[in-house]
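Enquirer: Following this message is one structure expressed as structure tokens.
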């Protein structure tokens with residue numbers, strides 16, 4: 001267990017050259033371009049209505065506070081930016097899920113020689129897309145009630161002292177869950193079984209999530225965090241989790257996901 005944080009850090013170091021390799025470049029550039037276009041469109045639409053919304057909001061305020069309009073603009077812009085950021089994060093995870101599933105497959109094939117599907121027909125691609133979207137929905141349904149509960153704890157006296165720590169640990173756990181999921185899902189490990197496996201390696205998951213969290217705060221570099229994290233998570237699947245699930249996953253048919 002003591003070595004788990006080093007394994008997580010080592011996976012990220014190994015992920016960098018893999019991300020830049022010729023075989024994986026396409027699976028990174030396509031979602032990256034889509035992400036940039038999406039965030040640009042979101043911000044362009046949002047701020048095109050910014051002045052209209054500001055005029056409407058100021059209409060409810062008394063005239064004597066109009067000299068503070070500049071302050072309200074700053075606050076309102078900050079609120080919109082935060083809401084857009086979180087909406088964008090959820091949207092990107094959903095849209096990029098099929099790309100990240102393919103990326104995790106290619107990494108595992110490259111590292112282990114395992115072949116998932118020799119021929120990617122239209123029906124197989126559609127199956128992977130639908131399954132990826134279903135898993136994203138499972139993650140959202142898992143996240144929301146726990147996140148709301150942690151927010152409510154922050155309003156309870158005494159308990160609110162540890163609420164920020166719990167929220168931080170939960171955020172790191174969710175980042176680990178998000179990016180580990182692609183490799184587990186590719187190998188037909190259910191969402192529940194994946195969570196049970198990850199719970200046996202808490203230090204590994206928290207370290208992985210902490211690295212992703214710090215990387216997301218770095219401007220420009222944060223655009224590349226998603227594919228790097230997926231590659232690192234797949235490497236951890238291969239080195240840490242694969243052995244205990246391999247016999248089970250080989251019994252499952254990739255197209256139907258059933259025994």
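Read-outs throughout are calculated quantities, based only on the coordinates presented, and are distinct from any laboratory measurement. Given the structure is predicted, the values throughout are model-derived calculations rather than measurements. Neighbour counts are summed over all protein chains in view; Cβ atoms, including those assigned to glycine, are modelled from backbone coordinates with ideal geometry.
Enquirer: For residue 216 and residue 44 in one chain, what is 0.36 nm times their gap in residues minus the Cα-Cα distance, to one decimal in nm? Provide the component values of the computation, followed by the final result.
Expert: Details: separation 172, 0.36 × 172 = 61.92 nm, distance 2.22 nm.
That works out to 59.7 nm of additional length.
Enquirer: Give me the number: length gained by fully extending residue 165 to residue 52, i.e. 0.36 nm times residue separation minus the C-alpha to C-alpha distance, one decimal in nm.
Expert: Numbers: separation 113, 0.36 × 113 = 40.68 nm, distance 3.92 nm.
That pair, residue 165 and residue 52, stretches by 36.8 nm at full extension.
Enquirer: Order these by the 10 Å Cβ neighbour count, fewest first: 208, 221, 102.
Expert: Least crowded to most crowded, the residues run 221, 102, 208.
Enquirer: Can you sort 245, 192 from fewest to most other Cβ atoms within 10 Å of each residue's own Cβ? Could you put the intermediate results ahead of the total?
Expert: On the way: 245 18, 192 10.
Ranked by crowding around the Cβ, least crowded first: 192, 245.
Enquirer: Hey, another quick one. Fewest first, what order do 111, 23, 105 take by the number of other Cβ atoms within 10 Å? Can you show the working numbers first?
Expert: Numbers: 111 16, 23 11, 105 22.
Ranking 111, 23, 105 by Cβ neighbours within 10 Å, fewest first, gives 23, 111, 105.
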